[in-house]
Amino acid sequence: MQNPVTVEVTRGNLVESRHRGMAVVVDGQGKVVFSAGDIEAGVFPRSACKAMQALPLIESGAADAFGLTTSELALSCSSHSGEDEHVRTAASMLSKAGRDLTVLECGAHWSSDQATIIHQARTLEKPNALHNNCSGKHSGFICTCVHTGFDPAGYVGYDHPLQVEIRAVMQDLTGAVLGADNCGTDGCSIPTYAAPLRAWAHGFAKMLTGEGITPERARASRRLMDACMAEPFHVAGTNRACTKLMNVAPGKIFAKTGAEGVFIAALPDAGLAMAVKCEEGTTRAAEAMIFALIARYFDKQGETHDTLMKMANRTMKNWNGITVGEVRVTETMFA
């Protein structure tokens, strides 16, 4: 099936670009309460599923054994901007496990955030693995390995015991079969798996509500999601979409973006989780889609709904500050 146009970008009075996508909202029992596009299409969640990948950190007892803080738990689920506080927090996690940055296998890169990369260029000769946007997740992996007795060497590999455990966790949550046939390699070198968009949303709905999973996994899931909602800066960073979104309604929105136009969110009060995918991988479209989708579940006369819709439908300005067009969601997101 052809996915619908979910976001338009205008210039002047004309539509300059159109983005097609898929979107789905699911409750803890797996009931689809909203959908648009091919929600059964296989999608790599990329970084949007990091809270799932962090579950062994809690379930193994490593988080408590090393006394990880709420900020450190949030960072274990993050795609951060490499700001100084993010780097310090990742280094703290490793230090508590008796390790340092040399054990990280995520690689190093400059920040993708303009203000942060300017700061980095002024203060660093080159970035190291702690500056990688996935260093929090990888530091959590190291803590888990050290506590459970797994050899950290090669922890990014498909057959490493930690990745085998993470794969089993994600299969339990999504109900999808995950293996070599639908596996790719993520930007930070760990395995990533394609599964139906609906399955990713259902997995997060189960994490949110505890339905269909063990009490232990339910408690671990809510602990991670609550940490992210309590410390949104550590999930992303200054002026980042995830951080801004969770600050709109503190404690009422969990949100995590992923590369190539994926975004996942969960709403504790509604007991719902949702996932979107911009077909051609454009972040601005995925953000507009998730903002509008979340707005559906807040009072249409309320401030939160108004703020979310202003985020979903935003004006674009050029370098002189002149309004040149807008990014706007289509009626598909409201059907």
Which one of these is modelled with pLDDT of 95 or more and either out of contact with any Lys or Arg (no Cβ under 8 Å at 6 or more places or on another chain) or under 23 Å from residue 274 (Cα atoms) (or both): 135, 112? 135
Quick one: what pairs do we get from segment 273-288, first residue over 19 Å from residue 26 (Cα atoms), second assigned to a loop (DSSP other than H, G, I, E, B) and of a type in the set (Asp, Glu), C-beta under 8 Å, 6+ apart or different chains? 281/260
Those residues of segment 93-114 that are in a helix (DSSP H, G or I) and open to solvent by less than 40 Å² (accessible area, probe 1.4 Å) come to a total of 3
Log entry, pairs with first residue in segment 235-255 being farther than 23 Å from residue 117 by Cβ, second being charged (D, E, K, R), beta carbons closer than 6 Å, six or more apart or on different chains, reads 252/269
Picking from 181, 226, which residue would you name as being assigned to a helix (DSSP H, G or I), surrounded by fewer than 21 Cβ atoms within 10 Å (Cβ to Cβ) and in contact with a Ser or Thr (Cβ under 9 Å, 6 or more places away or on another chain)? 226
I'd like to verify a number: residues in segment 40-57 that are surrounded by 24 or more Cβ atoms within 10 Å (Cβ to Cβ) and under 25 Å from residue 5 (Cβ atoms), how many? 3
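The values are calculated or read from the model by the stated rules, or taken from the named source; none is laboratory data. Note that the structure is predicted; figures quoted are calculated from it, not measured. In this analysis, Cβ positions are derived from the backbone assuming ideal geometry, glycine residues included, and neighbour counts consider all displayed protein chains. Heavy atoms of the whole protein, side chains included, go into the accessibility calculation; ligands, DNA and RNA do not. Shrake-Rupley method; radii C 1.70, N 1.55, O 1.52, S 1.80 Å.
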